[in-house]
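Trainee: Following this message is one structure expressed as structure tokens.
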Amino acid sequence: MARIIGGITTSHVPAIGGAIAKGKQDDPYWKPFFDGFVPVRQWLAEARPDVVVVVYNDHGLNFFLDKMPTFAVGAAPEYRNADEGWGIPTVPPFQGDPALSWHLIESLVAEDFDLTTCQEMAVDHAFTLPMALLWPDQQWPVRTVPVCINTVQAPLPSAARCYKLGEAIGRAVASWPGDERVLILGTGGLSHQLDGERAGFINKAFDLQFMDSMVNNPTWATQFSTHQLVEHTGTQGVELLMWLATRGALGPRVQALHSNYHIPISNTASGLMLLEPMV
Ligand code: DHB
Ligand code: FE
């Protein structure tokens, strides 16, 4: 049986791509952020996942406002990055895992999640930069399954729904007859707002409570409506939905092997957690 060996949740910010391109990992501004990933990479070297299910939100590269699926799952043999206009280098293509993708899709649709299935899919900074933080040589040693959650255009799926999607992903992986070691990587958040009156808004107290809840009370954030999440975390802080889906996939109990929180990276409160399911 395939097995979820862990979950990693991290912020994604395009500026990370610029910092990598310019070799700024040890600059005082960037060091507290990049240093957070050292223990995660040590864990990865031992854990050796075969497949990564990447739960992220597309920001207009693959889906635009004219067509915006609530949940989309990739089922392509390969996923390519493309220029989003941030001035950062694109990364090499990622290998897909169509067989596991279709199994996930079949399981999720059988559980009443109405998905968009993508046999072609470009992946943006929310997918590529967290992968580059995990594997800095960008020689991806894993196959990938993209799971995309709309946090760009209202209405968004609720926190409770995203948690349930994650639980269903966990069941789908557990029912796959292969022996793959599967990592769930959720990217987005934590609190940030890029525009409007509250541009620059960050809520450290909420973020820290949310990170604690990921271990000790995983459904805590599902009490909040989308509007309440925006109020607490900013318009883009709702990207924490990706963390909730990831957490749902890990099962009822987890242990946190590592976490890091640093303000700010660009306009974002950056969070990082490495969680292992407890059986
Ligand atoms: C920033 C954060 C994001 O989540 C994003 O998708 C783009 C930019 C930022 O803080 O600059
Ligand atoms: Fe984002």
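The values are calculated or read from the model by the stated rules, or taken from the named source; none is laboratory data. If you're wondering where the values come from, they're calculated on a predicted model, not measured in any experiment. As a convention, Cβ positions derive from the backbone with ideal geometry for all residues, glycine included, and neighbour counts pool all protein chains shown. These area figures cover heavy atoms from the full protein model, side chains too; ligands, DNA and RNA do not enter into them. Shrake-Rupley method; radii C 1.70, N 1.55, O 1.52, S 1.80 Å.
Trainee: Can you compute the modelled spin-label distance between ASP66 and LYS22, with each label point 7 Å from Cα toward Cβ, in nm?
Mentor: Label at ASP66, label at LYS22, 3.6 nm between them.
Trainee: Let me ask you something else. Skipping prolines and chain starts, which residues have an amide H placed within reach, meaning under 5 Å, of the one on VAL123, given they are 5 or more residues away or on another chain?
Mentor: Under 5 Å from the amide H of VAL123: ARG80, ASN81, ALA82.
Trainee: Follow-up. What number comes out for accessible area per residue over region 3-277 if the probe is 1.4 Å? Units Å², please. Write out the running numbers ahead of the final one.
Mentor: Numbers: 11170 Å² over 275 residues.
Accessible surface, normalised per residue, equals 41 Å².
Trainee: In the neighborhood of GLY60, defined by Cβ-to-Cβ distances under 9 Å, what is the net charge if each Lys or Arg adds +1 and each Asp or Glu adds -1? Let's see the in-between values first.
Mentor: On the way: positive: none; negative: ASP58, GLU84, ASP124.
Result for the neighbourhood of GLY60: -3.
Trainee: If you count, for each residue, the other Cβ atoms within 10 Å and average over each peptide, how do 33-43, 266-276 line up from highest to lowest?
Mentor: Numbers: 33-43: 17.1, 266-276: 22.1.
So the peptides 33-43, 266-276, ranked by packing, come out 266-276, 33-43.
Trainee: Return the carbon/sulfur percentage of the accessible area of region 3-277, one whole number, probe 1.4 Å, all protein chains in place.
Mentor: Numbers: 5560 of 11170 Å².
For region 3-277, the apolar C and S fraction of the accessible surface comes to 50 percent.
Trainee: Residue separation times 0.36 nm, minus the C-alpha to C-alpha distance between ASP195 and THR90: what's the value?
Mentor: On the way: separation 105, 0.36 × 105 = 37.80 nm, distance 2.53 nm.
Value of the extension gain: 35.3 nm.
Trainee: Given 0.36 nm per residue, what is the gain on full extension from MET1 to ASP114 after removing their alpha carbon distance, in nm? It would help to have the intermediate numbers written out before the result.
Mentor: Numbers: separation 113, 0.36 × 113 = 40.68 nm, distance 2.54 nm.
The MET1-ASP114 span can extend by a further 38.1 nm.
Trainee: Could you derive backbone 3J(HN,Hα) for region 46-53 from the dihedral phi with the Karplus parameters 6.51, -1.76 and 1.60 (θ = phi - 60°), listing whole Hz in sequence and x where the residue is Gly or Pro?
Mentor: With the stated coefficients, region 46-53 comes to 7, 6, 6, x, 8, 9, 10, 8 Hz.
Trainee: Could you work out the relative contact order of the chain, using alpha carbon pairs under 8 angstrom and six or more residues apart, expressed as a whole percent?
Mentor: Numbers: 617 pairs, mean separation 87.7, N = 279.
Contact order relative to length: 31 percent.
Trainee: In addition: What residue among MET214, MET68, MET242 shows peak mean-square fluctuation when the chain is described by a Gaussian network model with Cα springs under 10 Å?
Mentor: Taking springs between Cα atoms under 10 Å, the residue moving most is MET68.
Trainee: While we're looking at this one, here's another question. Residue by residue through region 239-250, what is 3J(HN,Hα) from phi via Karplus (6.51 cos²θ - 1.76 cosθ + 1.60, θ = phi - 60°)? Round to whole Hz and write x for glycine and proline.
Mentor: Computed from phi, the couplings for region 239-250 are 4, 5, 4, 5, 5, 5, 5, 4, 5, x, 6, 8 Hz.
Trainee: Okay, next question. Counting only residues 5 or more places away or on other chains, whose amide H sits under 5 Å from the amide H of ARG198 once H atoms are built in the peptide plane?
Mentor: Sorted by chain and number, the residues that satisfy this come to none at all.
Trainee: Please give me the summed charge of the neighbours of VAL230: other residues whose Cβ is under 13 Å from its Cβ, Lys and Arg +1, Asp and Glu -1.
Mentor: Surrounding charge for VAL230 is -3.
Trainee: Moving on. 7 Å from Cα along Cα→Cβ at both LYS204 and ALA174: what's the point-to-point distance in nm?
Mentor: About 3.9 nm separates the two model spin labels.
Trainee: Calculate one ³J(HN,Hα) per residue across region 134-142 by plugging θ = phi - 60° into the Karplus curve 6.51 cos²θ - 1.76 cosθ + 1.60, and present them in order as whole Hz with x for glycine and proline.
Mentor: 7, 10, x, 6, 6, 9, 3, x, 9
Trainee: What FRET efficiency comes out for the pair ASP35/GLN223, r = Cβ-Cβ distance, R0 = 25 Å, nearest 0.05? Intermediate results must be reported in sequence, preceding the final value.
Mentor: Numbers: r = 33 Å, r/R0 = 1.33.
Taking R0 as 25 Å, the efficiency between ASP35 and GLN223 is 0.15.
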